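Below: one structure, written as structure tokens.
The values are calculated or read from the model by the stated rules, or taken from the named source; none is laboratory data. Quick caveat, the model's predicted, so the values are computed rather than measured. Only protein heavy atoms, including side chains, enter the accessible area calculation; ligands, DNA and RNA are left aside. Shrake-Rupley method; radii C 1.70, N 1.55, O 1.52, S 1.80 Å.
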Amino acid sequence: MRFETKAVHAGGKPDEATGAVSPPLHLSTTFERNATDGQPSHGYSYIRDHNPTQTRLESALAAIDSAEGALAFASGMAAASALFQALPSGSHVLLPDDGYYAVRILATDFFRRWGLTHDLISMDDPDRIRKAMRPNTRAIWCESPSNPLMRICDIAALASMAHEANAILIADGTFASPALQRPIELGADVVMHSTTKYLGGHSDVQGGSLAFRRPDELFEKAEHARTIIGGVASPFNSWLVLRGIRTLAPRMRLHCENARAIADFLAKHPRIEAVHYPGLTSHPGHQIAARQMSDFGGMMSIRVKGGAAEALAVL
Ligand SMILES: Cc1ncc(COP(=O)(O)O)c(C=O)c1O
């Protein structure tokens, strides 16, 4: 099945109770139990543990990322936090020196109390990564393309490096989305998305996701952290992200087309110093991006000649 087909159908089984072909939105916080043994009669008991709309979203998230299991969260940061909290205490983690800023804040402000240590490293420099690995390095976290400098790392190479050291590779795939890049197919163990972005797609929902190569012990621990600490997506937000996923593939085609036109225009502009867009052949990560992404995405950053005043004038 092609990605487009998966994205349209995943999590979209007709509702068994009514035959509705569009996914229903279940807002119930609590679920019926049967009278004989008091067990949940349909597998659900309480909204924070699991709920039917979230289950649908999770089956879609797993399908589009070629994963065996997925978890939906209230935000990308809730997803990242649950995953870090699921790592064994005493773990050392390598984080990218260019990546979403709040992940760095999570590390500096919270890792110590979760028993974790970290180092920031350039994820496009294999020698430095190898040197930064410690005996207790349990995870490499990468982000490609990165926010905000659009750096590209070689996901397959990082996965091999992590596995050789008995660690896992976690990839923040937010900027590419599963329509353009599926890190699990490249060897990553876990993919994280801020579904607030392309998966939601309409700037009206906040969410996050973790997709796991297989639903192993780490999956169970992250799920436990979500259930108990409570970074759970609401049913309505789950429903909106599920709806967004249906149109992900055609939206991404258009984003790529628009970004390419803008990047080409800006790259030739006399008042622009640099365009960071992996689709430009001048981008240092262009060849790796061409290999691991089916297109170069809708995000870019630019450096305007001059200073802050000139940049603000462009804005
Ligand atoms: C690359 C990346 N990762 C993670 C996040 C965090 O996601 P959220 O804002 O949904 O918590 C963002 C948000 O902008 C992001 O751009």
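In percent, how large is the relative contact order of the chain, given Cα pairs closer than 8 Å and 6 or more residues apart?
On the way: 616 pairs, mean separation 62.9, N = 315.
RCO, the chain: 20 percent.
Rounded to the nearest 5, what is the percent of antiparallel bridges among the DSSP beta bridges in region 151-289? Walk me through the intermediate numbers first.
Working: 5 of 8 bridges.
About 60 percent, rounded to the nearest 5.
With a 1.4 Å probe and every protein chain left in place, work out the accessible area per residue of region 45-186 in Å², rounded to a whole number.
Using a 1.4 Å probe on heavy atoms only, each residue of region 45-186 averages 37 Å².
What's the carbon and sulfur percent of region 11-169's accessible surface, probe 1.4 angstrom, rounded to a whole number?
53
Counting alpha carbon pairs within less than 8 Å and at least 6 residues apart, what relative contact order, in whole percent, applies to region 1-113?
The value is 18 percent.
Give Lys6/Lys305; Lys131/Lys268; Lys6/Lys221; Lys13/Lys197; Lys131/Lys221 a once-over and call out the pairs whose C-alpha atoms are over 32 Å from each other.
Beyond 32 Å between Cα atoms: Lys6/Lys305; Lys131/Lys268.
So what is the diffusion coefficient of the chain in µm² per second by Stokes-Einstein at 20 °C and 1.002 mPa s, using a Kirkwood Rh over Cα pairs?
Rounded to a whole number, D works out at 105 µm²/s.
Need one number: % antiparallel among DSSP beta bridges in the chain, to the nearest 5.
Taking every DSSP beta bridge within the chain, about 50 percent pair in antiparallel fashion.
Assuming a ≥ b ≥ c are the square roots of the Cα gyration tensor eigenvalues, decide whether region 160-260 counts as rounded (a/c under 1.5), prolate (otherwise, with a/b larger than b/c) or oblate.
Values: a/c = 2.80, a/b = 1.22, b/c = 2.29.
It comes out oblate by the Cα gyration axes.
On a 0 to 90 degree scale, rounded to 10, what angle separates helix 248-267 from the longest Cα axis of the chain?
So the helix axis and the longest Cα principal axis differ by about 10 degrees.
Once the Cα atoms of helix 155-164 and of the chain are each reduced to a long axis, what angle between those two axes, in degrees from 0 to 90 to the nearest 10, is obtained?
70
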